[in-house]
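The values are calculated or read from the model by the stated rules, or taken from the named source; none is laboratory data. Predicted model, so just to flag it, every value in this text is computed and none were measured. So basically every Cβ, Gly included, is an ideal-geometry build from the backbone, and we count neighbours across all protein chains shown. These area figures cover heavy atoms from the full protein model, side chains too; ligands, DNA and RNA do not enter into them. Shrake-Rupley method; radii C 1.70, N 1.55, O 1.52, S 1.80 Å.
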Amino acid sequence: MTLQCRITRDKKGVDRGLYPTYYLHLERDDGKRVSKLFLMAGRKRKKSKTSNYLISVDPTDLSRGGESVIGKVRSNMLGTKFTIFDNGVNPDKQPFVQERESLRQELVSVSYETNVLGFRGPRKMAVIIPGMNQDCERVSIRPRNLCVKEHETLLARFQNGNMENISVLHNKAPSWNEETQSYVLNFHGRVTQASVKNFQIINDDDPEHIVMQFGRVAEDVFTMDFSYPLCALQAFSICLSSFDSKLACE
């Protein structure tokens, strides 16, 4: 089934214009009205050299050491490649951790294709996620140290063509509409405003099935719909990566 969610962006306050907070709610329709259930919140961290988000299940506690933090989103210097981790231990900061299970997992990587021509057009993105085992459980990807990480990370596996235990999804290419002179996608009423950030994610083996879609419905309101094999944390993280402006991609 497809789960329908809503993301609201809060830019009010002294520094939230630069470091907004994003709130993810699950939409529940009982036939009479649509109610919202809070799932998680994300906020861009200050004093980071690259784009860096913390994700928490407590909307009031988005501090780095908070007990409610469940994930982190981190980008490269260009803002074109993002990796999403759970709340496990960073092996670079604690290299002598004995229990592999306590090391952080890579949950998803998002790679935006750079647009060397410089014209404003639709973004191209690849979403790399861990595969599923025979019990339909997510395969654990836990790169241990820098020497090994170059080959073990989701992004490295994708770039090296090593598809073992990973799945790769892509955004659906929009079609050009002569009447509006713009690129368009059919969001079936779930998206109402045009934006370069709007996207649909598909598996190349089944391009008609939309695994996930995201788009603007108001100035600071967006819809996020997702289904298997993505979980809510993976889907929300992909959206957070999309909010970043990408000078190299558009």
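Overview of values
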{"quantity": "Test: residue in the stretch 116-128 that is modelled with pLDDT of 85 or more, among the basic types (Lys, Arg), within 19 Å of Met212 (Cα to Cα) and part of a strand (DSSP E or B)", "calculated": "no"}
{"quantity": "Selection within the stretch 59-87 - among the small types (Gly, Ala, Ser) and either surrounded by 17 or more Cβ atoms within 10 Å (Cβ to Cβ) or at pLDDT 85 or above (or both)", "calculated": "Ser68, Gly71, Ser75, Gly79"}
{"quantity": "Pairs where the first residue, in the stretch 35-63, is under 18 Å from His25 (Cβ atoms) and in contact (Cβ under 8 Å) with a residue 60 or more places away in the chain and the second is open to solvent by less than 60 Å² (accessible area, probe 1.4 Å) and outside any strand (DSSP E or B), C-beta under 6 Å, 6+ apart", "calculated": "Leu39/Ala232; Gly42/Leu240; Tyr53/Leu240"}
{"quantity": "First in the stretch 218-239 and without any contact (Cβ under 8 Å) to a residue 40 or more places away in the chain, second anywhere and part of a loop (DSSP other than H, G, I, E, B) and surrounded by fewer than 20 Cβ atoms within 10 Å (Cβ to Cβ), Cβ under 9 Å, 6 or more apart", "calculated": "Ala218/Thr192; Tyr228/Met1; Tyr228/Cys136"}
{"quantity": "Matching entry among Gln213, Gln159, Gln193 (being of a type in the set (S, T, N, Q), open to solvent by 70 Å² or more (accessible area, probe 1.4 Å) and under 30 Å from Cys136 (Cβ atoms))", "calculated": "Gln159"}
{"quantity": "In the stretch 27-56, the residues that are within 24 Å of Phe82 (Cα to Cα) and outside any loop (DSSP other than H, G, I, E, B)", "calculated": "Leu39, Met40, Ala41, Gly42, Arg43, Lys44, Asn52, Tyr53, Leu54, Ile55, Ser56"}
{"quantity": "Considering residues of the stretch 162-190 that are of a type in the set (Val, Ile, Thr) and either free of Cβ contacts under 8 Å to residues at least 24 places away in the same chain or exposed (fewer than 12 other Cβ atoms within 10 Å of the Cβ) (or both) only, the residue farthest from Ile128 (Cα to Cα)", "calculated": "Thr180"}
{"quantity": "Which listed residue, of Arg190, Arg216, is within 18 Å of Arg123 (Cβ to Cβ) and more than 14 Å from the chain's Cα centre (by Cα)", "calculated": "Arg216"}
{"quantity": "Any chance Ser167 is out of contact with any helix residue (DSSP H, G or I) (no Cβ under 8 Å at 6 or more places or on another chain) and not in a strand (DSSP E or B)", "calculated": "no"}
